[in-house]
Amino acid sequence: MNALFSERLEEALRWRHHLHANPELGFQEIETARFIAERLAEWGYTVRTGYGRTGVVGTLTKGTSRKALGIRADMDALPITEETNAAYASRTAGVMHACGHDGHVTVALAAARELSRESFDGTVHFIFQPAEENEGGARAMVEDGLFRDFPMDAVLGMHNWPALPVGTLVARDDQMMAAFGIFEVQVIGRGAHGAMPHEGADPVLAASQIVSALNTIASRNVSPLQASVVSVTQIHGGDAWNVIPERVLIRGTTRWFDANVGDTLQARLEQVARSVAEGFGCRAKIDYQRRYPATINNTEVAAMVRSQAAAVNLQVIDAAPSMAAEDFAFMLNEKPGCYFWLGAARTTGDNPGLHSPRFDFNDAIIPFAVEMWRSTTMRYLQ
């Protein structure tokens, strides 16, 4: 690593810590977007804003080829109170970068700066996406004309992965991340005095049985050879020690890869919740939403990513797909591409996972990530 590049990486580290200290939730990334746009413009990129409300696209064309590559970085934070005690910890109460999107923005910006100094033949689009966490910012950018206004032949996405060692990369040929749905079941009964339960229809009792029954869906309705998850994550109901309430609210999430499995999970969840509720003299009102499709890589693009990773001395390894979800899937539904994980495990001290209040992006992977983006772009647009 030459001295000038090392100096630029030091500046990138300052960007990362600035972004970490100033997190913004999905579709609220106004200052983050401004920070990105200002730097891209300095390096000669054509900058367009407003895609997906707060998204930013920086475009750089060199040579005469019409070939184009998209590189996506997510930029939103999470509604979590930080517990890292870092000198650059979040200054915004109840909001923090607990997934490393501050790092993703940093390495994309640093790569954009390096590429502005290179000679290649074609176009690179740096896509800075809002609201990856739950709200589907990738879908919003696509609906706003991302691929219409910025034609590209392939699109790439990366995520730091604290479960894997630094210096490793995973880019599977097919499944990377699961599809994801959410559900809300209102169990509606008839309230009563806690000492006279026979006079009511107890939604608390019905809800407890529904929760138990929902946990049988994946194990008894889906083949053991296919991945699926049904998880209840919230139960709300009642306000007094001696009152059986009228309603209890159950919330949770589902995950799957195969579309038929997704259909089964939804159908059985609705059937089980309604049937169990009725068996206890209650009724169930259900809101089920399919949020993100599965993240499925294009085989040829994934092979190119793995080949380039090996060329820059990253260790290419295999790993099982994750049942977590990623809205980059909406971009992969439109264009051939690859989503890969870059190992980010800390070798000393605590190594919190993604979405932990103690999580902090591992700055040790910045050089690896920047070089991966720079060299892959150069190879694709040679």
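The values are calculated or read from the model by the stated rules, or taken from the named source; none is laboratory data. Note that the structure is a prediction, hence the values are computed from the model and not measured. All Cβ positions, glycine included, derive from the backbone under ideal geometry; neighbour counts span all protein chains shown. Side chains are part of the model used for accessible areas, which takes the heavy atoms of the whole protein and leaves out ligands, DNA and RNA. Shrake-Rupley method; radii C 1.70, N 1.55, O 1.52, S 1.80 Å.
Some values worked out for this structure:
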| item | result |
| --- | --- |
| Top-ranked residue in segment 349-382 [being assigned to a loop (DSSP other than H, G, I, E, B) and among the small types (Gly, Ala, Ser); ranked as surrounded by the fewest Cβ atoms within 10 Å (Cβ to Cβ)] | 349 |
| Lone unmet requirement of (1) farther than 27 Å from residue 326 by Cα; (2) modelled with pLDDT of 95 or more; (3) of a type in the set (Gly, Ala, Ser) for residue 37 | (1) |
| Unique residue being farther than 21 Å from residue 168 by Cβ, of a type in the set (Asp, Glu) and in contact with a strand residue (DSSP E or B) (Cβ under 8 Å, 6 or more places away or on another chain) when the list is 318, 287 | 287 |
| Segment 173-196, residues that are outside any strand (DSSP E or B) and either at pLDDT below 95 or under 17 Å from the mean Cα position of the chain (by Cα) (or both) | 178 |
| Of residues in segment 45-62 being open to solvent by 60 Å² or more (accessible area, probe 1.4 Å) and touching a residue at least 60 places away in the same chain (Cβ under 8 Å), the one nearest to residue 328 (Cα to Cα) | 53 |
| Options 42, 10, 83: the member that is open to solvent by 20 Å² or more (accessible area, probe 1.4 Å), of a type outside the set (Lys, Arg) and farther than 18 Å from residue 361 by Cβ | 42 |
| Unmet criterion (only one of (1) under 30 Å from residue 68 (Cβ atoms); (2) buried (at least 16 other Cβ atoms within 10 Å of the Cβ); (3) touching a helix residue (DSSP H, G or I) at 6+ places or on another chain (Cβ under 9 Å)) for residue 99 | (3) |
| Sole exception among (1) in a loop (DSSP other than H, G, I, E, B); (2) out of contact with any Asp or Glu (no Cβ under 7 Å at 6 or more places or on another chain) for residue 35, by number | (1) |
| Looking only at segment 217-229, and only at residues there that are in contact with a strand residue (DSSP E or B) (Cβ under 9 Å, 6 or more places away or on another chain) and assigned to a loop (DSSP other than H, G, I, E, B), the one that is most open to solvent (accessible area, probe 1.4 Å) | 226 |
| Test: residue in segment 83-103 that is assigned to a helix (DSSP H, G or I), touching a strand residue (DSSP E or B) at 6+ places or on another chain (Cβ under 7 Å) and not polar (S, T, N, Q) | yes |
| Scan of segment 63-73 for residues that are open to solvent by less than 30 Å² (accessible area, probe 1.4 Å) and either of a type in the set (Lys, Arg) or farther than 23 Å from residue 117 by Cα (or both), ordered by number | 72 |
| All positions within segment 250-285 that are farther than 22 Å from residue 237 by Cα, among the charged types (D, E, K, R) and touching a residue at least 12 places away in the same chain (Cβ under 8 Å) | 255, 258, 268 |
| Residue count for segment 149-161, restricted to those that are of a type outside the set (A, V, I, L, M, F, W, C), surrounded by fewer than 22 Cβ atoms within 10 Å (Cβ to Cβ) and touching a Ser or Thr at 6+ places or on another chain (Cβ under 9 Å) | 1 |
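Listed here are the residues, each with its yes/no results for (1) assigned to a loop (DSSP other than H, G, I, E, B); (2) open to solvent by 30 Å² or more (accessible area, probe 1.4 Å); (3) on the phi > 0 side of the Ramachandran plot.
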{"site": "134", "(1), (2), (3)": "yes, yes, yes"}
{"site": "147", "(1), (2), (3)": "no, no, no"}
{"site": "169", "(1), (2), (3)": "no, no, no"}
{"site": "209", "(1), (2), (3)": "no, yes, no"}
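A quick yes/no check of all residues on (1) among the basic types (Lys, Arg); (2) over 24 Å from the mean Cα position of the chain (by Cα):
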position: 259; (1), (2): no, no
position: 279; (1), (2): no, yes
position: 290; (1), (2): yes, no
position: 306; (1), (2): yes, no
position: 312; (1), (2): no, yes
position: 325; (1), (2): no, no
position: 331; (1), (2): no, no
position: 334; (1), (2): no, no
position: 337; (1), (2): no, no
